[in-house]
1. Would you be able to say whether some residue in region A:200-216 is within 20 Å of A:E138 (Cα to Cα) and either within 14 Å of chain B (Cβ to nearest Cβ) or loosely packed, with under 14 Cβ neighbours inside 10 Å (or both)?
2. Which one of these is assigned to a loop (DSSP other than H, G, I, E, B) and among the aromatic types (F, W, Y): A:Y39, A:Y3?
3. Residue pairs, Cβ under 6 Å, 6 or more apart or interchain, first in region A:236-263 and touching a residue at least 40 places away in the same chain (Cβ under 8 Å) and under 15 Å from A:A342 (Cβ atoms), second polar (S, T, N, Q) and in a loop (DSSP other than H, G, I, E, B). List them.
4. Residues of region B:232-273 being hydrophobic (A, V, I, L, M, F, W, C), away from chain A (no Cβ under 14 Å) and surrounded by fewer than 24 Cβ atoms within 10 Å (Cβ to Cβ), which ones?
5. Look through B:Q214, B:Q150 and report the one residue that is surrounded by fewer than 21 Cβ atoms within 10 Å (Cβ to Cβ), away from chain A (no Cβ under 14 Å) and not charged (D, E, K, R).
6. Is there a residue being more than 27 Å from A:N38 (Cβ to Cβ), touching a residue at least 24 places away in the same chain (Cβ under 8 Å), surrounded by fewer than 17 Cβ atoms within 10 Å (Cβ to Cβ) and in contact with a Ser or Thr (Cβ under 7 Å, 6 or more places away or on another chain) anywhere in region A:152-164?
7. Do any residues in region A:87-103 that are under 11 Å from B:F193 (Cβ atoms) have Cβ atoms under 9 Å from those of residues that are basic (K, R), where the two are at least six apart or on different chains, and which pairs are they?
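The values are calculated or read from the model by the stated rules, or taken from the named source; none is laboratory data. Everything quoted here is computed from the prediction, not taken from an experiment. A quick note on method: Cβ atoms are made from the backbone with ideal geometry, for glycine too, and the neighbour counts reach across all protein chains shown.
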Amino acid sequence: MFYIHQTSCITAQQSFVEPTLRSITESVENKLYATENNYDSIPPNVLRRLGKAVKMGIATGNEVLAKQEVDGIILGTANGGLEDCIKFLNQIIQYQEGRLTPTNFVQSTTNAIAGQLGIMYKNKGYNITHVHRGLAFENALIDVEMLLSDHPTNTYLVGGVDEISEYNYTIEDLAGSYKKEILSNTELLNSTTDGSIAGEGAAMFVVNTVKSNATAEVKAIKTFVTKKTETLEKELSQFINTALPKGEKVDLIVSGKNGDARLNNYYALVENQLKETPTTYYKHLTGEFPTSSAVALWLASMVLSRTEPLALLKIEVANPIKNILLYNTYKGNQHSFILVSAV
Amino acid sequence: MDRIVVTGIGIISAIGESVESNRLALKNSTTGIGTLELFETNYASTLPFAEIKRTNNSLKQQLNVDALNITRTSLLAQHACNQAILDSNLTKAELESADTALINGTTVGGMCLTDELYQDANRNSTTSPYVESYDLASVAIYLQELYNIQGICNTINTACSSSANAIMYGARLIHQGKAKRVIVGGVDSLAKFTINGFNALHILSSEKCKPFDQNRSGLNLGEAAAFLVLEKESDCKNKKPYAILSGYANANDAYHASALSETGDGPYEAMSTALAVARLNPNDISYINAHGTGTENNDLAESAAMIRLFNNVPPFVSTKSLTGHTLGASAAIEAVFSILALQHQELYPSANSVQPIEGTGLKPLATFQKAPVKHVMSNSFGFAGNCSSLIFSIV
């Protein structure tokens with residue numbers, strides 16, 4: 001389908017981007033906040049006014065756009081700058097719809113990050129924000145696949161970003177998305193209780209149809225909704241049969257397993273169906289958020305481009321890795337498969 | 001390339017709850033802008049709005065919805081979606097097929113529940129029925145479950161051009177073979193969030209908006225939903241399509257987070273690229289459904305772009321002078337209006353516009369007229385520079 005050329009990523013783990021570091025950043029009260037030491041590319045007077053989702057999106061965007069120009073910007077974010085959104089909402093209620101300043105309002109619209117990048121890079125091309133909850137980033141990938149099919153000589157920025165805000169943590173907590181007990185992220189994957197821990201992050205990719213010098217190829221993507229494991233089983237077989245070239249196998253599964261006991265059956269099914277394939281996990285390092293599959297894609301492209309896989313992922317594979325399957329389910333309803341391959 | 005045709009349309013806005021009633025209001029220039037009767041806000045007595053005069057309870061009764069957590073946004077979307085599906089004669093099997101996609105554009109989503117969201121976000125309660133209802137995706141996910149749609153489902157937010165991009169994304173899914181039929185459109189309901197946001201930006205008018213008038217004083221917020229069913233022409237030979245979706249484009253103005261460049265670069269890019277996709281020349285366009293919000297900035301930028309693109313600017317209209325600015329729904333309802341103009345070979349007038357903007361000489365159409373209509377362009381421009389244009393053509 002298309003090739004990844006530049007990548008950038010911000011999560012709670014600094015060691016993702018500095019592989020010599022082997023330490024794990026631990027969660028605080030079931031939240032894994034993204035590191036904030038990568039904003040050098042944003043002028044201080046601008047930085048001050050930005051919410052975290054916008055900061056993460058612009059910082060990761062800057063990192064790749066400094067290396068390669070693009071013809072358009074395609075982002076996925078379920079909530080965008082939700083912190084600003086609720087700040088504005090609080091003002092509405094507290095000042096009883098009095099005189100308000102528009103800054104929080106303008107920044108809180110989910111399309112603000114893609115728009116801001118467009119303004120900063122004077123990019124007048126295609127610009128869009130997909131916001132379909134746990135499939136927002138996947139729809140961004142489908143979009144860019146279609147764009148490159150229509151415009152094979154173009155290059156695009158595609159990415160995903162979401163933040164933990166105090167407020168969405170509260171709302172998700174009310175919805176039962178997070179664990180009732182305080183748990184260290186290092187224990188997350190062995191947990192037997194309901195809920196996960198909150199995470200945030202951003203990952204950006206410069207993609208086009210040029211094979212040479214690419215880090216990885218995104219070969220196929222499939223999104224679907226179901227609560228039934230039988231449907232998941234059927235979709236997985238179908239995906240493997242159609243997406244994987246004849247005679248090849250999946251060498252590694254990057255699983256979105258998030259320690260929520262209610263979702264274990266979905267993740268277990270995928271592992272069981274591909275029994276011979278080793279599996280690696282990442283949500284104990286990033287926490288759960290709707291566009292976490294963007295980080296999974298970043299990890300996959302790192303694994304494929306480095307001779308020594310990331311130490312934190314503890315990947316033990318005897319042979320070189322050619323094909324990586326990403327599987328994620330958001331709340332056991334929205335599901336996605338992404339097949340990423342070595343170039 | 002196979003042509004993409006419109007086989008079903010559905011709409012609810014402040015000027016009508018059906019396609020027919022919307023058309024009648026457009027013909028007679030019957031405005032939907034006026035005093036709020038249902039929505040509660042401090043601005044009810046000072047600002048006019050384009051409100052749909054139906055309570056949530058009455059919508060729920062009509063749609064057979066019991067659940068507490070279905071928002072007004074979802075109800076309006078369901079109302080319009082039901083019409084479009086029925087109009088296109090989609091069978092249950094087609095609706096539930098894996099090659100049917102659903103794409104929604106919205107900017108407010110479930111945030112119309114401003115007070116409930118405030119309570120929940122600030123943990124003022126221990127349980128809440130609404131926690132899954134607030135986000136933008138909640139509407140499409142509700143519709144997908146309601147109709148048991150198995151294909152690709154998506155929600156797009158590009159501010160006021162959201163539903164133009166939903167329509168475009170759906171058409172591209174068909175072109176790429178990722179869907180056989182798509183239900184595409186958009187919805188927004190009145191919300192304290194947008195009312196206060198636009199008010200803080202000082203772009204809400206205290207009178208009925210006057211798009212493209214020298215003395216325009218801002219926009220009026222409205223609420224609406226509209227959906228279209230798009231199919232490949234060769235797949236629906238037994239149907240009589242309304243129109244062809246012949247062109248579309250998305251471009252960015254890359255100028256300011258909440259204003260367009262005076263030269264209208266984004267609007268110009270969107271309009272000219274849509275023409276290129278449709279393989280049409282500017283003089284092929286019979287009629288333009290302009291974005292025309294009635295703000296100082298938009299109407300000037302859009303006029304500049306139209307003047308730059310067209311030797312003679314074709315007859316144009318801002319239907320927002322009747323429906324108000326319905327944000328994420330605006331491109332979808334105006335797509336329906338463009339399709340009606342083609343179907344009935346008629347042009348709808350723009351209200352409240354008296355004196356052309358200085359230096360442009362552009363005056364929107366003031367009276368209803370029958371006219372040959374071949375190609376209609378519909379513009380939608382949003383915050384963050386998100387500009388889109390669609391072109392609909394006669395079959």
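1. The answer is no; no qualifying residue exists.
2. A:Y39
3. These pairs meet every condition: A:V250/A:T277.
4. B:C236, B:I244
5. Going through B:Q214, B:Q150 in turn, the sole match is B:Q214.
6. yes
7. Going by the 9 Å Cβ cut-off, the qualifying pairs are A:L89/B:K192; A:I92/B:K192; A:I93/B:K192; A:E97/B:K192.
Here is a yes/no grid of residues against (1) within 10 Å of chain A (Cβ to nearest Cβ); (2) part of a loop (DSSP other than H, G, I, E, B):
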residue	(1), (2)
B:Y134	yes, yes
B:L143	no, no
B:Y169	yes, no
B:I174	no, no
B:V184	no, no
B:T194	yes, no
B:C209	no, yes
